[in-house]
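First up is the structure itself, then whatever we jot down about it.
The values are calculated or read from the model by the stated rules, or taken from the named source; none is laboratory data. As the structure is a prediction and not an experimental result, all values here were calculated from the model. Quick reminder, even Gly has a Cβ in these numbers, built from the backbone with ideal geometry, and neighbours come from all protein chains shown. These area figures cover heavy atoms from the full protein model, side chains too; ligands, DNA and RNA do not enter into them. Shrake-Rupley method; radii C 1.70, N 1.55, O 1.52, S 1.80 Å.
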Amino acid sequence: MKSDQPFGNGSLLPLHLSAAPVTETSGSSRMRLKVLTLDDDNADRMRLIRICEKSGMNFEYYEADSVDALRSLLNCETFDIVFLDHNLGGDSGLEALRLVISHEDQTGAIPIMVTGSDDLKIAMNAMRSGCADYLVKEELTVASLTKSVATAVERRMLYAEISASKVVNREINDVVERFMLTCGPDIRDILKNAIKKVRGMKALMQSDDTLDPLILSDLTLLERGCLDVTTFVDDLDSVLHRLRC
């Protein structure tokens, strides 16, 4: 059964167990992406759809409101991008992430965590568990969505190239390993402290209604840059671990 509620360009919005395109792009030669979002809040799912449309993505959109619904869709379709809400009430976004990563038909799917909290531990835990990137709901915009998708795709392509390569330059490997052993821990500590200070400044500034919002936006970009560098260091560590194995 399908809902009779119209959405977007007049097509019928599918229920979470249905699989039907929501957005059409006539005459486009770009690759058409299959996008799935898991969120138990209907308003948040609709907001993500609208932002995807505004970003100019050429996509078919699917939605699930529970881990069970997600599992059913994963068994029916092969997805390019999967947005996963971290807080699902009785379910866990990390549980859903493991489901996507372990599914034999979703090896090419790029999971992106969407959280209502900017807690660093949640973001880093998701990315260490295999998430390609994360988005904060309160800061979700066309620009942040586009950046997240582009970063996730580039990272996945890098991993694919590394995995497919049978010959690894030993000299580069030695340089990276020395870097990780000598500088890696210090860089992590520096970035961690920087992020904490930026978050503290943001918390103080958010209580000041007279503050220029551009300053808060710049702090958010600085915070995100520090997190990107932290993730890159973790990526290097993961690569070295695989090479040792």
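For this structure, a couple of remarks:
- Amide H within-cut-off set for I110, under 5 Å, with H built and near neighbours excluded: I81, V82
- Solvent exposure ordering (accessible area, 1.4 Å, most first) of R71, R178: R178, R71
- Between segment 184-207 and segment 86-148, the Cα center-to-center distance that results, in Å: 22
- Residue order for D68, D40, D174 - accessible surface, 1.4 angstrom probe, largest first: D68, D40, D174
- Among the listed pairs K34/K54; K54/K202; K34/K121; K137/K192, those beyond 26 Å (Cα-Cα): K54/K202; K34/K121
- Ranked by the mean number of other Cβ atoms within 10 Å of their residues, highest first, the peptides 56-62, 236-242 come out as 56-62, 236-242.
- Accessible-area ranking of S207, S92, largest first, probe 1.4 Å: S207, S92
- In this structure, E139 and D189 have a Cβ-Cβ separation that, at R0 = 22 Å, corresponds to a calculated FRET efficiency of about 0.30.
- Descending by average beta-carbon neighbour count within 10 Å, the peptides 45-52, 187-194 line up as 45-52, 187-194, the highest first.
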